[in-house]
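Since every read-out is calculated from the coordinates, none of them should be taken as a lab result. Keep in mind it's a predicted model, so treat the numbers as computed, not measured. Reconstructed Cβ throughout: ideal geometry from the backbone, glycine too, with neighbour counts over all protein chains shown.
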Number of protein chains: 2
Amino acid sequence: MAPERPVTVALDGYGAERGFDVLAQGARLAAADGIGVRVFGPERALGLSGANGIEVVDTTEAVANDEDPVPAVRAKKEASVVRAARDVAEGSSAAMISCGSTGATMAAATFGLRRLKGVQRPALAVQVPVPGKPVLFLDVGANVEVRAQHLAQFAFLGAAFSAAVLEVRDPSVGLLTVGEEAGKGREEVVEAGRLLSQAPGIRFVGNVEGRDLPAATVDVVVTDGFTGNVSLKLLEGTAKVVAAAVGDAARSNPLAAAGGLLLKPALNGLRRELHPDTTGGAILLGLRGTAVVGHGSSGAEGIANAIRLAARCAEVDAVGRTAALLAEGGAGRGALAADTDA
Amino acid sequence: MAPERPVTVALDGYGAERGFDVLAQGARLAAADGIGVRVFGPERALGLSGANGIEVVDTTEAVANDEDPVPAVRAKKEASVVRAARDVAEGSSAAMISCGSTGATMAAATFGLRRLKGVQRPALAVQVPVPGKPVLFLDVGANVEVRAQHLAQFAFLGAAFSAAVLEVRDPSVGLLTVGEEAGKGREEVVEAGRLLSQAPGIRFVGNVEGRDLPAATVDVVVTDGFTGNVSLKLLEGTAKVVAAAVGDAARSNPLAAAGGLLLKPALNGLRRELHPDTTGGAILLGLRGTAVVGHGSSGAEGIANAIRLAARCAEVDAVGRTAALLAEGGAGRGALAADTDA
């Protein structure tokens, strides 16, 4: 589905921990794919003037990582992440992406893009970097405390995104908890399982456990933002530690070293597959526009992948299709409308 | 610290998923180390009569995995896990271990062994199977919902066990949450952090994140039983999936296969290190006796390691030293006594 005109993405020019050069390089890589990039950052430091497919909107204010996100976003109307969100709301860009503070990106996107009809809480989703079939995992940090209805909504949001953007047909959805049997887990999780097992329009397969995430037994795994955030960092950390230990094993003696050398090309593919940068970052689901939260520590390729993910969401009209699937699948009734604190 | 007489461990003869033969073989392996084993299970099926260092107390009742643990343990006074707990309470064994239902083992141990003075909620702890320095992780499933005071107690229980049994000097303790800064996370986690940062007698280093667990940045990681259970299964699952993917990479082409063959001995060591069976299972902390929860899926070596862990706890008087450290470190005041629902 190649668009007639290139999709344009609004990129927060601040927040990349490796500096403006790496961010600029990421923008160039994405632009080389035919994606239009509007960068909100310091023109001089970015050094992107005249770069093909890239427009820099000179911006010198930013929300720092250590600022309280909500008040900072409310106060700084001209901060880069706020301007990027406004660019999407005004229709100049089709999606936004920031590698800065996750909280500030969520706040700017939620205020700037607004929630889809019926959605109480937007959720942050990632494609989990496990070998083989990707798993969509949410919420990975937007809501540290949730109610049952929120979890049920996350299931619908995740299923809709999985179908629309990841092209999974009739995605299976599991609820993360401490045992397979219904009734295992915190009160709100048990209640969410009950709501989902009765909800039409979703293929809810019941409870899943921690091991199901790396084993990819379902297409979408739903949890609260506390458990999800801890789990995602744990998963990334474990993959990294195990990969490093394999490297250590390969340096432990000369025979193993020879083996490691022969094995290296095959292992490099795996390392790429497991690297968080490969999937491009997290997507904030439930809004009337696309917002991608990139990794602050990303290299140029990781930033480019985050821009590509944002562009892809726009190209396939992820928001429109999510809204349609939500409406179809009972967004306006049942689980999703059971209570409203919106 | 070799004891004059061998330590005797009460072993639940039911619950090992691989059958009575594997359980019996595990008992033999542990007995060969000089540990006395009293097995509560079906004498004929176990085939252990006359085995050196092993005594079978013929028992034909058991709590099944699908039974509701608390009522089952209350009703079945002669069930194997209940008798094993009673054996410790009566002083015939020094510690108990079961590979059956975790819930039943916790219920039998809590009713049979009772809680240490001042402890509100026993917690389940494991040594996390990561390469290098082991990390004690709790609670991994005893309490799916907790209050701040419970989390603060888990920190003391974990630190005491780490010092007494794992011989870590002045263990560092971290609180698992979604960000390093104080104030990140669920309400009860933030409050627990506040309590611990003011508590004497514990080296509390503040918040840790999911990645700190595999990276072993602290000696003890504290969380609630929901997050801990999900995290532990996720960690074990990820290590397994990554190890399998390394194996797949080694079979992807002839050169890689040759490399994999040369690397194999070094990788086998790592695989052993990462395998859950290596650490022998989880320990229920906060009771007046030692109870070990083995893996239901353990092989003979895993069961033997669980028996060895129970014996080791008894040999070093883990319970007495934990009680002493709790009393010393503020068990009777401050965080631990701030509220009592005992």
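Below 10 angstrom from the Cβ of A:Thr60, what's the summed charge of the other residues (Lys, Arg +1; Asp, Glu -1)?
Details: positive: A:Arg44; negative: A:Glu43, A:Asp58, A:Glu61, A:Glu78.
Summing Lys and Arg as +1 and Asp and Glu as -1 gives -3.
The ranking of A:Leu261, A:Leu124 from fewest to most other beta carbons within 10 Å of each one's beta carbon is A:Leu261, A:Leu124.
Based on a Kirkwood Rh over C-alpha pairs, give the Stokes-Einstein translational diffusion coefficient of the protein assembly as shown at 4 °C and viscosity 1.567 mPa s in µm²/s.
For the chosen part, D equals 49 µm²/s.
Taken about its Cα centre, the range B:111-228 carries a charge dipole of roughly 400 debye when the Cβ of each Lys and Arg holds +1 and the Cβ of each Asp and Glu holds -1. For the protein assembly as shown, the residue among A:Gly260, B:Leu325, B:Val128 whose Cα projects farthest onto the positive side of the dipole built from Cβ charges is A:Gly260. Pair-distance distribution P(r) for the range A:96-144, from all Cα-Cα distances in 5 Å bins starting at 0: 4, 18, 23, 26, 16, 9, 4, 0 percent.
What is the packing order of peptides A:168-177, A:228-237, taking the mean over residues of other C-beta atoms within 10 Å and listing the highest first? Display every interim value, and only then the final one.
Details: A:168-177: 20.1, A:228-237: 25.9.
Result, highest mean Cβ count within 10 Å first: A:228-237, A:168-177.
Relative contact order, whole percent, for the range A:104-175 stands at 22, derived from Cα pairs under 8 Å and 6 or more residues apart.
What does the charge add up to near B:Val220, with Lys and Arg as +1, Asp and Glu as -1, over the other residues with Cβ less than 12 Å from its Cβ?
-2
Classify chain B as rounded, prolate or oblate, taking a ≥ b ≥ c as the square roots of the eigenvalues of its Cα gyration tensor: rounded when a/c is under 1.5, otherwise prolate if a/b is larger than b/c and oblate if not. Kindly include the intermediate steps, with their values, before the conclusion.
On the way: a/c = 1.75, a/b = 1.07, b/c = 1.63.
Oblate, since a/c reaches 1.5 and b/c is not below a/b.
Only Cα pairs within less than 10 Å get springs; with that Gaussian network setup on chain A, which residue of A:Arg121, A:Arg321, A:Arg251 has the largest fluctuation? Answer for the Gaussian network model of chain A: A:Arg251. Pairs exceeding a 25 Å alpha-carbon distance, out of B:Lys133/B:Lys240; B:Lys117/B:Lys233; A:Lys264/B:Lys133; A:Lys133/B:Lys264: B:Lys117/B:Lys233; A:Lys264/B:Lys133; A:Lys133/B:Lys264. For a Förster distance of 41 Å, can you work out the FRET efficiency between the beta-carbons of A:Asp317 and A:Ala244, rounded to the nearest 0.05? The value I calculate is 0.50.
Could you tell me the center-to-center distance, by alpha carbons, between the range B:144-217 and the range A:167-225 in angstrom? Here the two parts' Cα centres lie 29 Å apart. From the alpha carbon centroid of the range A:278-318 to that of the range B:25-102 is 54 Å.
Here is what passes the span test in chain A: the DSSP H helices with alpha carbon length of 30 Å or more along the helix axis and a Kyte-Doolittle mean of -0.5 or above are A:225-250. Electrostatic tally near A:Asn207: other residues with Cβ closer than 11 Å to its Cβ, Lys and Arg +1, Asp and Glu -1, net -3.
Mean separation of Cα pairs under 8 Å and 6 or more residues apart, divided by the residue count, gives the range B:172-223 a relative contact order of 55 percent.
Under the definition of Cα pairs under 8 Å and six or more residues apart, what whole-number percent is the relative contact order of chain A?
Reported relative contact order: 24 percent.
Projecting the Cα atoms of B:Gly141, B:Leu116, B:Ala104 onto the dipole axis of the range B:96-149, where Lys and Arg carry +1 and Asp and Glu carry -1 at the beta carbon, places B:Leu116 farthest toward the positive end. Rounded to 0.05, the FRET efficiency of the B:Arg115 and A:Arg251 pair, given R0 = 56 Å and the Cβ-Cβ distance, is 0.70.
Average partner chain C-beta neighbours within 10 Å, per residue of B:179-186?
Numbers: counts 6, 0, 2, 0, 1, 4, 5, 6.
Mean partner shielding for this stretch: 3.
Give the aspartates and glutamates reachable from A:Lys77 as a straight Cα distance under 20 Å; neighbours fewer than 8 places away on the same chain don't count. Partners found: A:Asp12, A:Glu43, A:Asp58, A:Glu61, A:Asp66, A:Glu67, A:Asp68, A:Asp87, A:Glu90.
In a reduced charge model with +1 at each Lys and Arg Cβ and -1 at each Asp and Glu Cβ, the range A:153-285 shows a dipole moment near 500 debye about its Cα centre.
Only the Cβ atoms of Lys and Arg (+1) and of Asp and Glu (-1) were treated as charged; on that basis the dipole of chain B about its Cα centre amounts to roughly 340 debye.
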